[in-house]
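Peer 1: Below you'll find the structure I mean.
The values are calculated or read from the model by the stated rules, or taken from the named source; none is laboratory data. Everything numeric in this text was worked out from a predicted model, so none of it was measured. Ideal geometry is used to build each Cβ from the backbone, glycine not excepted, and the neighbour counts take in all protein chains shown.
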């Protein structure tokens, strides 16, 4: 039986600081807005730049489109004021039945075809110039697309009614969408005059909403104003639940939920009043030994050390016998959920002692720290870390962890080469691996045969089969080829420095000049434009010639960036970037045609 195509509209008023933008953009620091997402898959998401507006911040993009396109005038010929209750944007959610969508996502080519088909549909229905976001979310339970557009009509009116049709007209849109999804095994759901979804989905949604509302009401009932201890974390958790529910509910239920939020704020004010009447009492009076014990037991010690790692205070080393090992320049620490051990000091303890030692805090300040830290979870990292192997064969390796780049030495190394932290975190991973009894880590990008070319402050190493790696926009008809990972990252950084939010080109890293043949093998049927930007040495010349032999149309752009052997020439693209940033002395260079080629 075929799955069902899903097309759902959500109206939004004047732009504000709500949760929808951070949810769609996966904004760091606002994870509560996408609390159901798997953070380890966050960088699998795809953000397609349909037009220049898609490069602007979420709210700015909507405001810019209205400023550009709104032309509705009154009888006097003046621009008509926009109503306060006007719909400024519409979030279109495009997806399908969970089982079919997850199966589709396993086939990258089929997934890309599904994305392209949805993009064609949205451009045709809503207008390319109106679209402010086209985000493909692959980190939630069911893959789906958010297409956000501003309802500007061809004659310049802001009119959601032109798209938010009712009855038969809306059925036709649903049917039209389902027709375009047939090739992916997705069909039109059960028609209904009342709701634009299948009967089964509607019943499930109502059941989920009822359960969610009951859960929130129960939490609210238990949130007494005398429960001073941990009030902040309880309040934030409850508000996060409400925000998540608001994103997936109808207008009538939204009003009920907003009422619940108002009740929470009332309780918060009552709590503040209670605290003000007791200012003469020591703060510790409110925390009983039982509450302290509960707090300490509720926080995982290893999660605290992973937090230290993300803040750059310690490095992860390995996992052995169920323990997680971390280190600094002078210390080595083992940690699990319940405690830690400092090998240098030959002593350990529980979470409160760890916070006092590594934050430099007194006991009471450490308690306050833990109240805020309570509920923080790093299982998305710890569950993917492999145990150390004690019987590793010679010339074999063991991948122990794949993390977001966080090591200060690595970050400083790339920063000194002109590449910032944000670029590293978006396009690479920090790979931890074991060779023999030793543990190492470096920056890497998986290649097309699932091997790794790793770059650290000490040098380079290949793990597994050597092959090319890819980044940037997979839909682009323009490929730019680099010899090394640092060169490709430098090109991305140059674009970001010039204002690009997303890399528009398809970028290929050979991971060594010797892989020129691999590039030819993978792209032998490619008919688009190929630009070569390899190193300016003998090996780079040979690799360039080999690619041009198979692709006569391939363009060698090294001279335009001043990459050549001899006095005044840059060795590679990273050196070009470093010269531009003043990190090495600027010398005479060739003509530079700019970033957009």
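Peer 1: If you check 516, 543, which single one turns out to be crowded, with 23+ Cβ neighbours inside 10 Å, touching a residue at least 40 places away in the same chain (Cβ under 8 Å) and not in a strand (DSSP E or B)?
Peer 2: Unique residue meeting the criteria: 543.
Peer 1: So, one more: Looking at residue 171, is it closer than 30 Å to residue 70 by Cβ, at pLDDT 90 or above and part of a helix (DSSP H, G or I)?
Peer 2: So residue 171 fails the test.
Peer 1: For a quick check of your reading: which helices (runs of 4 or more DSSP H) sit entirely within the stretch 373-489 and have at least 2 residues that are without any contact (Cβ under 8 Å) to a residue 60 or more places away in the chain and under 22 Å from the mean Cα position of the chain (by Cα)?
Peer 2: In the stretch 373-489, the matching helices (runs of 4 or more DSSP H) lie at 408-415, 421-427.
Peer 1: Further question: With the condition kept exactly as written, say whether any residue in the stretch 354-367 is farther than 15 Å from residue 326 by Cβ, assigned by TED's automatic domain parsing to the domain that holds residue 320, outside any helix (DSSP H, G or I) and under 29 Å from the mean Cα position of the chain (by Cα).
Peer 2: no
Peer 1: Among what's in the stretch 519-540 and is outside any loop (DSSP other than H, G, I, E, B) and touching a strand residue (DSSP E or B) at 6+ places or on another chain (Cβ under 9 Å), pick the residue that is surrounded by the most Cβ atoms within 10 Å (Cβ to Cβ).
Peer 2: Taking the candidates together, the pick is 519.
Peer 1: Suppose we filter the stretch 558-586 for residues that are part of a loop (DSSP other than H, G, I, E, B) and crowded, with 18+ Cβ neighbours inside 10 Å; how many remain?
Peer 2: Residues in the stretch 558-586 being part of a loop (DSSP other than H, G, I, E, B) and crowded, with 18+ Cβ neighbours inside 10 Å: 5 in total.
Peer 1: Can residue 109 be described as surrounded by 14 or more Cβ atoms within 10 Å (Cβ to Cβ), in the same structural domain as residue 162 (by TED's automatic domain parsing) and either in contact with a strand residue (DSSP E or B) (Cβ under 7 Å, 6 or more places away or on another chain) or free of Cβ contacts under 8 Å to residues at least 40 places away in the same chain (or both)?
Peer 2: It is false that residue 109 is surrounded by 14 or more Cβ atoms within 10 Å (Cβ to Cβ), in the same structural domain as residue 162 (by TED's automatic domain parsing) and either in contact with a strand residue (DSSP E or B) (Cβ under 7 Å, 6 or more places away or on another chain) or free of Cβ contacts under 8 Å to residues at least 40 places away in the same chain (or both).
Peer 1: Of the conditions (1) buried (at least 17 other Cβ atoms within 10 Å of the Cβ); (2) assigned to a helix (DSSP H, G or I), residue 136 fails just one. Which one is it?
Peer 2: Residue 136 satisfies every listed condition except (2).
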